[in-house]
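The values are calculated or read from the model by the stated rules, or taken from the named source; none is laboratory data. Please read all numbers here as calculations on a predicted model, not as lab measurements. Counting neighbours? That spans all protein chains shown, and the Cβs are built from the backbone with ideal geometry, glycine included. Note: accessible area is taken over every heavy atom of the protein model, side chains too, but ligands, DNA and RNA are not part of it. Shrake-Rupley method; radii C 1.70, N 1.55, O 1.52, S 1.80 Å.
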Amino acid sequence: MNISSAGYDDLVRQDRAHLWHPYSAMGGDQPVYPVIAARGVRLTLADGRELIDGMASWWCAIHGYNHPVLNAAITSQLDRMAHVMFGGLTHAAAVRLANKLVEVTPEPLQSVFYCDSGSVSVEVAMKMAIQYWQARDRGEKQRFLTIRGGYHGDTFGAMSVCDPVTGMHRLFTGVLAPQLFATSPGCRFGEPCSAEDIEAFGRLLQHHRQQLAAVIMEPIVQGAGGMRFYSAEYLQRVRVLCEEHGVLLILDEIATGFGRTGKLFACEHADVVPDILCVGKALTGGYLSLAATLTTAHVSGTISRGEPGVFMHGPTFMANPLACAVALASIQLLLDSPWQARIEAIEAGLRDGLEPCRELAGVADVRVLGAIGVVELHTAVDMKRITRQFVEAGVWVRPFGKLVYLMPPFIIDRQDLTALTDAVVTTLAGNG
Ligand SMILES: *Cc1c(COP(=O)(O)O)cnc(C)c1O
């Protein structure tokens, strides 16, 4: 059922009057498109138009929209209870999901902390690292080292380790903790990493090791900070250096977790296991906001034996039963599906489909890893214009800056994927 065009305009007008959107200006002139339904890989706009979704709602909707299995998981939990506080109480959805997370993540990660969003899971990871060293009488170890080009979220702790330029540290200098930044890896995914490539990182780590609680980075894929894919060997060298210098390793798998890069977790490309792992985004298959921070029994045990004897965090909606139930169903659905074959097929489709972009004026690079396809341009796109062009072409693609990228739901078929890549090629050719 579509809404009338008067209803459509009214909705958009009221949205403009009262709502912020992500990274938006109040009263700005960027278009917003009302969605009335979504099913499979298709979004239905209020005027009846259907768009093929190339974004999976920012990495989340890996099974597509309105999936009967996920719908059933939520409604059956809803019949029992929507929410109950997690202080002093527990429930089956939280326990079963924790078991599943421990089972699917690399071996020594045993302790699970639930929170509401990716950014908060990063805050929690950073707190864990600081409390770990406090418990070991090394309270001076409170800083973090990362690589440039990263993105870890929008809260203050997370922002402090985002790329200082794209993360706009300039705006918040007075309130952001001053962290340490190594140049982003020069070695690409699939390439070796030389001693020279890791040298600057190693020097910073060695020089500041007495103050460093942890290294934090996104494994293999740097997402919102620039969509770059770096060498697995780089990550392996980081792991070794962290051990040598007595610094914990936090890996942020919020974007990469649950299959997106072709492995269940991107750290598996390098056979590297972190001390602390953040997951979010696709955790619930895009249904509800939930994230988790996992750590080893050694880290959780050390924190719990130290002063003040507890981990100092406890969100109101911690372990929300609806979110836990749908997350458990989503992980099971993923594991029961031929997800590796699907990601391989998407990877091949993205490679073939985006290849013609290399010949276009204005294109700096085309890169594909797993179900992520990126076209990097020389200059930033005109968002208003390109969004309209994509919608007119029947696809939902939302570039940022110089990056036009696709990360569709895993269930997309070849024909819809081709429609997405064709729309990218045609639109960029028209704008070049
Ligand atoms: C999206 C993202 C976050 C932040 O997650 P939110 O749920 O938006 O708070 C953190 N790290 C990475 C790698 C992300 O992609």
What trypsin sites (Lys or Arg not before Pro) in segment 1-60 are in a loop by DSSP, with at most 15 other Cβ atoms within 10 Å of the Cβ? ARG49
Given Cα pairs under 8 Å that are at least 6 residues apart, what percent is the relative contact order of the chain? 21 percent
Accessible surface, the chain, averaged per residue in Å² (probe 1.4 Å): 44 Å²
Taking protein heavy atoms only, a 1.4 Å probe, and rounding to whole percent, the accessible area of the chain owed to carbon and sulfur comes out at 55 percent
Antiparallel as a % of all DSSP beta bridges within the chain, to the nearest 5? 70 percent
Taking Cα centroids, how far is segment 301-318 from segment 1-67 in Å? 40 Å
Computed for segment 69-336: size of charge dipole around the Cα centre, +1 on C-beta of each Lys and Arg, -1 on C-beta of each Asp and Glu, debye to nearest 20, value 360 debye
What do you get for Rg/Rh over segment 1-136 if you use C-alpha atoms and the Kirkwood form of Rh? 1.06
Segment 391-423 residues near the modelled SER5 label - backbone nitrogen below 17 Å, point 7 Å along Cα→Cβ: 392
Please compute the length gained on full extension between ALA429 and MET85, using 0.36 nm multiplied by the number of residues separating them and subtracting their Cα-Cα distance. 118.5 nm
Can you give the FRET efficiency for ARG188 and PHE156, using 1/(1 + (r/R0)^6), R0 = 25 Å, r = Cβ-Cβ distance, to the nearest 0.05? 0.20
VAL69 to VAL175: extension gain in nm, 0.36 nm per residue of separation minus the Cα-Cα distance? 33.7 nm
Would you mind computing, in nm to one decimal, how far apart the modelled labels at ARG414 and MET383 are, each placed 7 Å from Cα along Cα→Cβ? 3.7 nm
Tell me, Kirkwood radius of segment 69-336 from alpha-carbon pair distances, in Å? 18.8 Å
Determine the shape class of segment 159-275: with a ≥ b ≥ c the square roots of the Cα gyration tensor eigenvalues, call it rounded for a/c under 1.5, and otherwise prolate if a/b is greater than b/c, oblate otherwise. oblate
For segment 329-346, take each phi angle, set θ = phi - 60°, evaluate the Karplus expression 6.51 cos²θ - 1.76 cosθ + 1.60, and give the result in whole Hz per residue in order, putting x for glycine and proline. 5, 5, 5, 5, 4, 5, 5, 7, 9, x, 5, 4, 5, 5, 5, 4, 5, 5
